[in-house]
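Here is the structure we will look at.
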Amino acid sequence: MLIDRRQVLLGGAASLALLPLAAQAQTSEVVIGVIYPLSGASAQIGVDAQKAFETAAELINGDHDFDLPLARGTGLPGLGGAKVRLVFADHQADPQKGRAEAERLITQDKVSAIIGTYQSSVAVTVSQICERYQVPFLSADNSSPSLHRRGLKYYFRPAPHDEMFSTAMFDFFDAEKAKGRKIETLALFHEDTIFGTDSSNAQLKLAKERGYKVVADIKYRANSPSLTAEVQQLKAADADVLMPSSYTTDAILLIKTMGELGYKAKNIVAQDAGFSEKALYDAVGDKVAGVISRGSFSLDLAAKRPMVG
């Protein structure tokens, strides 16, 4: 039989650690929906995520002599060795496709929980469907702060959000200023979905609190065919630090357009997303030497790998 979705709580995204609410539940498998962009401009994100989740499921289902959660022994020990079965869905970076795929996973595949989604705008609609059906949604890598402030009971986020990341950026600016670096003006550049909007709001607030002047706050249409006008504004502002919040195709277009218009930012501190993707560095890596981006990782890994610390 399949485990009832109300008997499962989701733990960490990396390990897919599942704990039963009913300790004596008997089941043969736990079905988890994994929803990511598997086609379109963000397809590589989904492909990478799929490989990661498949690896996690293999570690859980098999018996492996690794010092990792649930690696030793087969299956989920709290559920009598039940195996994890993953069902993947492609939202194509479209919130409405995400909504439809989430409903399909719940009503047809009978998933116990859903994990995803990379784009925060898709997480909005997927989490609403999960809330309606009372299915846990693990927001594995969505970083928009407003996602967890909607009063949802079935929304879970194991990772930091962009207010935390932006605070770390401003801590870094303060530390560099203390060393004598000139960092007084900032230019914010962000796409117009919830990811970019939330990021900009957090950075505007921090800039005011920390005493930095925002000389440009530019919102552009996501997946825009041209960023010429926006880059001209950035060039005119000539800020000490350019702070982009952009997905991959937009980030590539931004850097290409900057090159075409002869604008080289003094410093770039990016909000992850497109600036953490190999596709950007394959396309314009020669034009972004010295770019800094944020990323999330677990500090407890530093005990085993000092470079993490």
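No value in this document is a laboratory result; all are computed from the given coordinates. No experiment lies behind these values; they were computed from the predicted model shown. In this analysis, Cβ positions are derived from the backbone assuming ideal geometry, glycine residues included, and neighbour counts consider all displayed protein chains.
Projected over all directions and averaged, the alpha-carbon convex hull of the chain occupies 16.9 nm². Once phi is turned into ³J(HN,Hα) by the Karplus curve 6.51 cos²θ - 1.76 cosθ + 1.60 with θ = phi - 60°, what whole-Hz value does each residue of the range 164-180 show in order, with x for glycine and proline? Karplus values, whole Hz, x for Gly and Pro: 5, 4, 5, 4, 4, 4, 6, 4, 5, 4, 4, 5, 5, 4, 5, 8, x.
Using a simple spin-label model with pseudo-atoms 7 Å out from Cα toward Cβ, residue 63 and residue 178 lie 5.3 nm apart.
Highest mean packing comes first when the peptides 73-83, 298-308 are listed by Cβ atoms within 10 Å, giving 73-83, 298-308. Inverting the pair-averaged 1/r between distinct Cα atoms of the range 5-156 gives 15.4 Å as its Kirkwood hydrodynamic radius.
Two numbers describe the Cα atoms of the range 162-293: Rg and Dmax, which are 13.6, 40 Å.
When only the Cβ of Lys, Arg, Asp and Glu is charged (+1, +1, -1, -1), the dipole of the range 255-309 relative to its Cα centre reaches about 160 debye.
Dipole magnitude for the chain: computed about the Cα centre from +1 point charges on Lys and Arg Cβ and -1 point charges on Asp and Glu Cβ, it is near 500 debye. Taking the range 236-309 as the region of interest, the number of lysine pairs whose Cα atoms are within less than 27 Å, with members eight or more places apart or on different chains, is 10.
Give me the net charge for the shell around residue 166: Cβ to Cβ below 10 angstrom, other residues only, Lys and Arg +1, Asp and Glu -1. Surrounding charge for residue 166 is -2.
Projecting the Cα atoms of 169, 290, 226 onto the charge dipole of the range 162-293, computed from C-beta unit charges around the Cα centre, puts 290 farthest toward the positive end. Calculated [222 nm] ellipticity per residue, helices only, for the chain: -11500 deg cm²/dmol; basis is -39500 (n - 2.57) per DSSP H run with n ≥ 4, divided by all residues, nearest 500. Of the peptides 182-193, 42-53, the order by per-residue mean of other Cβ atoms within 10 Å, starting with the highest, comes out as 182-193, 42-53.
Under a 5 Å amide H cut-off, with hydrogens placed 1.01 Å from N, residue 29 pairs with 3, 83 among residues at least 5 apart or on other chains. Ordering 120, 180, 130 by the projection of their Cα atoms onto the charge dipole of the chain, which places +1 on the Cβ of Lys and Arg and -1 on the Cβ of Asp and Glu, puts 180 at the extreme positive end. Antiparallel beta bridges, as assigned by DSSP with both residues in the chain, represent about 10 percent of the total such bridges. Note on residue 52/residue 232: beta-carbon distance plugged into 1/(1 + (r/R0)^6) with R0 of 35 Å gives a FRET efficiency of 0.30.
Packing-based ranking of 220-229, 94-103 yields 94-103, 220-229, ordered from highest to lowest mean Cβ neighbour count within 10 Å.
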